[in-house]
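Accompanying notes for the structure given below.
The values are calculated or read from the model by the stated rules, or taken from the named source; none is laboratory data. The structure displayed is predicted, hence computed values, not measured ones. Cβ coordinates were reconstructed from backbone atoms using ideal geometry, including for glycine residues, and neighbour counts include every protein chain displayed. Keep in mind that these areas ignore ligands, DNA and RNA; they rest on the heavy atoms of the full protein, side chains included. Shrake-Rupley method; radii C 1.70, N 1.55, O 1.52, S 1.80 Å.
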Amino acid sequence: MHTLHWDLFCRVVDNFGDIGVCWRLAADLGARGERVRLWVDDASALRWMAPDGAAGAVGVELHAWPDAAADIEPGDVVIEAFGCELPEAFVRRMASAADPPLWINLEYLSAEDFAERAHKLSSPQATGPGAGLRKWFFYPGFTPRTGGLIRERDLRARQQALDAPAWLAAHGAAADPGDRIVSLFCYEQPALPALLDHLAQQPTLLLATAGHAARQVAALLGPTLRRGALRAVELPALSQPDFDHLLWASDLNFVRGEDSFVRAQWAGKPFVWQIYPQHDGVHLDKLDAFLARFNAGAELRAFWHTWNAVTPHLPPLPPLPDLLAWRHECEIWRDALEAQADLVSQLLRFAAETR
Ligand code: TRH
């Protein structure tokens, strides 16, 4: 297979997931010898997520969102991430090219059945600037009939090479012997006071990520950042590789959104997901679809449901499931996912077959 030129378009709606996923995708394509132009309307989060910028990712060029895109020659494959609308002038160039690029819309991750049904469906463009083109829908997912998950080829080796205690110490978070290490990345979290009470019953080091998590933990624990046997550390914003290190160094990870949720699964450690909340409540179906695929037991379901509860009267937070048995389930899940083709391998194959 020869190197292709990819144009990846990303609009940041809110939070960090859109750019987080797109950066990982661009970097993974680049690491496999592809050439990528990443077009993004707000690259500010990359300052901490990828402090080396494009210099740290082979084959990737970072560009501001092109408002006047008429002069840009499209590459071989154009990815529109999460239905962000491409600049009209660029689509017109795509349609008039002698050899039009493959146009892919990369969708949000879901464990729901529709991901399998809609994966690799296409929509011919009858009218508008892209008339004559065909747009393909590419669904990430958890089963072989979806596009899979981003998983870099060196992920497992990097994981095995991590000296977790040294990494923690270097980040001002050295654990005491016997500490349970818990990382926290969340949105506003009404169940957090109850979680801190739980964690305070046993020696625990809580690593609160920058932003919502650190702010809420500090407000609840006060300046000592302690309660009972619980000690918390506020982390600075980490680079994406260091965010992975945090997940690998912890015994239990609280994650959110899309990208950190996937990375927690690769960590093979117990994790709790706070799903991105949507006003119409449809996110709860998405949550249950994942719990069903994960084959979660009643205890885990109850915990995750309360962690995602949106009712004004919060049900009591159930006890955390036993970490050892839970870890075993997470390792089995990770190994099963690892046996499936990853998202970039599938995109490369799709591009080779479809162009
Ligand atoms: O920030 P998020 O809540 O993003 C969300 C979801 O993607 C959601 O599906 C989408 O609709 C919404 O954005 C717009 O959570 P997520 O997806 O986990 O993205 C966070 C990214 O930030 C991820 O790439 C990990 C990274 N990160 C770091 O690199 N360093 C850090 O210190 C932290 C806390 C996160």
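Name, by its number, the condition in (1) touching a helix residue (DSSP H, G or I) at 6+ places or on another chain (Cβ under 6 Å); (2) in a loop (DSSP other than H, G, I, E, B); (3) away from the ligand (no atom under 15 Å from the Cβ) that does not hold for Ala68.
Exception for Ala68: condition (1).
Is it the case that Leu247 is more than 13 Å from the ligand (Cβ to nearest atom), modelled with pLDDT of 95 or more and under 27 Å from Glu331 (Cβ atoms)?
Criteria not met by Leu247.
Quickly run through the range 29-45 and pick out the residues that are buried (at least 24 other Cβ atoms within 10 Å of the Cβ) and outside any strand (DSSP E or B).
Leu29, Glu34
If Asn253 satisfies every condition in (1) over 30 Å from Ala161 (Cβ atoms); (2) in contact with a Ser or Thr (Cβ under 6 Å, 6 or more places away or on another chain) but one, which is the exception?
With (1) over 30 Å from Ala161 (Cβ atoms); (2) in contact with a Ser or Thr (Cβ under 6 Å, 6 or more places away or on another chain) applied to Asn253, the lone miss is (1).
Return the residues of the range 191-209 that are within 14 Å of Phe254 (Cβ to Cβ) and either within 13 Å of the ligand (Cβ to nearest atom) or open to solvent by 70 Å² or more (accessible area, probe 1.4 Å) (or both); say none if nothing qualifies.
Matches in the range 191-209: Leu207, Ala208, Thr209.
Answer with yes or no whether Ala95 is in contact with a Gly (Cβ under 7 Å, 6 or more places away or on another chain) and open to solvent by 20 Å² or more (accessible area, probe 1.4 Å).
yes
Given Ala95, Ala115, Ala131, which one is touching a residue at least 24 places away in the same chain (Cβ under 8 Å), assigned to a loop (DSSP other than H, G, I, E, B) and farther than 13 Å from Arg355 by Cβ? Before the answer, list the steps.
Details: Ala95 fails: assigned to a loop (DSSP other than H, G, I, E, B); Ala115 fails: assigned to a loop (DSSP other than H, G, I, E, B).
After ruling out the rest, the residue left standing is Ala131.
Just to verify a result, which residue in the range 250-273, among those that are assigned to a loop (DSSP other than H, G, I, E, B) and open to solvent by less than 10 Å² (accessible area, probe 1.4 Å), is nearest to the ligand (Cβ to nearest atom)?
To start, the set of residues in the range 250-273 that are assigned to a loop (DSSP other than H, G, I, E, B) comprises 250-251, 257-258, 268-270.
Restricting the remaining residues to those that are open to solvent by less than 10 Å² (accessible area, probe 1.4 Å) gives 250, 268, 270.
Numbers: Ser250: 13, Gly268: 17, Pro270: 17 Å.
Per the stated criteria, the residue is Ser250.
Could you grab me the full set of residues in the range 1-28 that are part of a loop (DSSP other than H, G, I, E, B) and either near the ligand (Cβ under 10 Å from one of its atoms) or within 19 Å of the chain's Cα centre (by Cα) (or both)?
Here is the first cut: in the range 1-28, the residues part of a loop (DSSP other than H, G, I, E, B) are 1-4, 11-16.
Matches in the range 1-28: Arg11, Val12, Val13, Asp14, Asn15, Phe16.
Any residue in the range 183-197 that is farther than 19 Å from Pro316 by Cβ and hydroxyl-bearing (Ser, Thr, Tyr) sitting within a Cβ distance under 8 Å of a residue that is part of a loop (DSSP other than H, G, I, E, B) and within 16 Å of the ligand (Cβ to nearest atom)? List the pairs, counting only those 6 or more apart or interchain.
From residues that are farther than 19 Å from Pro316 by Cβ and hydroxyl-bearing (Ser, Thr, Tyr), the pairs are Ser183/Thr209; Ser183/Ser250; Tyr187/Tyr276; Tyr187/Pro277.
Could you check Ala289 against (1) closer than 15 Å to Ala194 by Cα; (2) touching a Ser or Thr at 6+ places or on another chain (Cβ under 9 Å) and say which number it fails?
(1) is the only condition that Ala289 fails.
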